[in-house]
Amino acid sequence: MHRSVRLDLVMSSLSQDIAARISEAILTHRLAPATKLGERELGEVLGTSRIVVRQALIRLAEDGLVKIERNRGAFVANPTLQEAIEVYEALILLEQGMVAQLCDGVVPVALTRLNDNIARQRHATESDNHVRADQLGLEFHAELMSLSNNRVISEIHDQLNRRSKLLHALYPRDYDRCRLCDDHERLVQLIERRQARRARDLIDDHYRAILRGFRIEDLPHQAFPLEQAFALKVA
């Protein structure tokens, strides 16, 4: 393998690892929204070069976790209410199109994985494991979209799901997780019965219930110095 190709692969792997560390710090509230992410400072804290850090920040910007501003640098994303609304409206439109295809029989229906997810989500909810229940809720929608066998649509949905995960991580939430799990169960039943209109309406109601549960005015902005943010361990 050519030396330059090997170097590119190493740099890509390093930037992916650094992106994962920064992402974890954001999603566990160790880096607050709007925190400045200086390339030099991050490189010193994480023990890598500015080039690797820059590539990592570009990766995170593509997922919406980081915002890069011209002549100002990179910052932890600080999503507004309007941005949250737009993310969920996009998810609604994508998934409504998906269930319409399923109900029309355009895509073969194999709902075993969805039913398995619902069972695990209900167990987590009843056990008051809210973090796990929310994670499984996101996975349910990813499993639903994977039925399309359309890689482009799945990638777009995955990116939106990552942005919704950021919203889940940043904002305090107050919604009925039992109701959300019930929605998933009803959605599968409606798909099995080919009731497309009711399935589309349910998706709309489901996501708007999630959106109403975000307490955006209570968004925490506690900040740690970069050294401390990456030294802390997740509880």
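Going by the structure shown, is Asp128 surrounded by fewer than 21 Cβ atoms within 10 Å (Cβ to Cβ) and either outside the structural domain of Ala25 (by TED's automatic domain parsing) or small (Gly, Ala, Ser) (or both)? Steps first, answer last, please.
Numbers: surrounded by fewer than 21 Cβ atoms within 10 Å (Cβ to Cβ): yes; either outside the structural domain of Ala25 (by TED's automatic domain parsing) or small (Gly, Ala, Ser) (or both): yes.
So Asp128 passes the test.
Determine, yes or no, whether Leu60 is touching a strand residue (DSSP E or B) at 6+ places or on another chain (Cβ under 8 Å), part of a helix (DSSP H, G or I) and not β-branched (Val, Ile, Thr).
Details: touching a strand residue (DSSP E or B) at 6+ places or on another chain (Cβ under 8 Å): yes; part of a helix (DSSP H, G or I): yes; not β-branched (Val, Ile, Thr): yes.
Yes.
Could you look through the stretch 140-163, keep only residues that are on the phi < 0 side of the Ramachandran plot and outside any helix (DSSP H, G or I), and pick out the one that is modelled with the lowest pLDDT?
Keep residues of the stretch 140-163 that are on the phi < 0 side of the Ramachandran plot, which gives 140-148, 150-163.
This time we only want the ones that are outside any helix (DSSP H, G or I), so: 147-148, 150.
Details: Leu147: 87, Ser148: 81, Asn150: 85.
My answer is Ser148.
Do you know which residues across the stretch 66-79 are without any contact (Cβ under 8 Å) to a residue 12 or more places away in the chain and within 16 Å of the chain's Cα centre (by Cα)? Outline the logic, then answer.
First pass over the stretch 66-79, keeping only residues without any contact (Cβ under 8 Å) to a residue 12 or more places away in the chain: 67-72.
Once the filter is applied, which keeps residues that are without any contact (Cβ under 8 Å) to a residue 12 or more places away in the chain and within 16 Å of the chain's Cα centre (by Cα), the stretch 66-79 yields only Lys67.
Does Ser154 meet the test of being outside the structural domain of Leu65 (by TED's automatic domain parsing), closer than 25 Å to Ala110 by Cβ and in contact with a Phe, Trp or Tyr (Cβ under 8 Å, 6 or more places away or on another chain)? Full working, then the answer.
Working: outside the structural domain of Leu65 (by TED's automatic domain parsing): yes; closer than 25 Å to Ala110 by Cβ: yes; in contact with a Phe, Trp or Tyr (Cβ under 8 Å, 6 or more places away or on another chain): no.
No, not satisfied.
Mind checking which residues of the stretch 13-42 are within 13 Å of Gly73 (Cα to Cα), buried (at least 18 other Cβ atoms within 10 Å of the Cβ) and of a type outside the set (A, V, I, L, M)?
Quick first cut of the stretch 13-42, residues within 13 Å of Gly73 (Cα to Cα) only: 34-42.
Filter once more, so that each one left must be buried (at least 18 other Cβ atoms within 10 Å of the Cβ): 35, 37, 42.
Scanning the stretch 13-42 gives a single hit, Thr35.
Restricted to the stretch 64-93, and to residues that are acidic (Asp, Glu) and either part of a helix (DSSP H, G or I) or touching a Leu at 6+ places or on another chain (Cβ under 8 Å) (or both), which residue is nearest to Pro225 (Cα to Cα)? Talk me through it step by step, then tell me what you get.
Going residue by residue through the stretch 64-93, those that are acidic (Asp, Glu) are 69, 83, 86, 89.
So of that shortlist, the ones also either part of a helix (DSSP H, G or I) or touching a Leu at 6+ places or on another chain (Cβ under 8 Å) (or both) come out as 83, 86, 89.
Working: Glu83: 27, Glu86: 32, Glu89: 35 Å.
Among those residues, the one meeting the criterion is Glu83.
Which of the residues that make up the stretch 102-125 are assigned to a helix (DSSP H, G or I) and surrounded by fewer than 18 Cβ atoms within 10 Å (Cβ to Cβ)? Lay out the reasoning, then the answer.
Step one: list which residues in the stretch 102-125 are assigned to a helix (DSSP H, G or I), which gives 102-103, 112-125.
Once the filter is applied, which keeps residues that are assigned to a helix (DSSP H, G or I) and surrounded by fewer than 18 Cβ atoms within 10 Å (Cβ to Cβ), the stretch 102-125 yields Thr112, Arg113, Asn115, Asp116, Ala119, Arg120, His123.
Among the numbered conditions (1) closer than 17 Å to Arg173 by Cα; (2) surrounded by fewer than 18 Cβ atoms within 10 Å (Cβ to Cβ), tell me where Asn150 comes up short.
Here Asn150 meets the rest and fails (1).
Quick check on Val45: is it in contact with a strand residue (DSSP E or B) (Cβ under 9 Å, 6 or more places away or on another chain), more than 30 Å from Glu192 (Cα to Cα) and surrounded by 15 or more Cβ atoms within 10 Å (Cβ to Cβ)? Before the answer, list the steps.
Values: in contact with a strand residue (DSSP E or B) (Cβ under 9 Å, 6 or more places away or on another chain): no; more than 30 Å from Glu192 (Cα to Cα): yes; surrounded by 15 or more Cβ atoms within 10 Å (Cβ to Cβ): yes.
No, not satisfied.
The values are calculated or read from the model by the stated rules, or taken from the named source; none is laboratory data. Because the structure is a prediction, the values reported are computed rather than measured. Cβ: placed from backbone, ideal geometry, glycine included. Neighbour counts: every protein chain shown.
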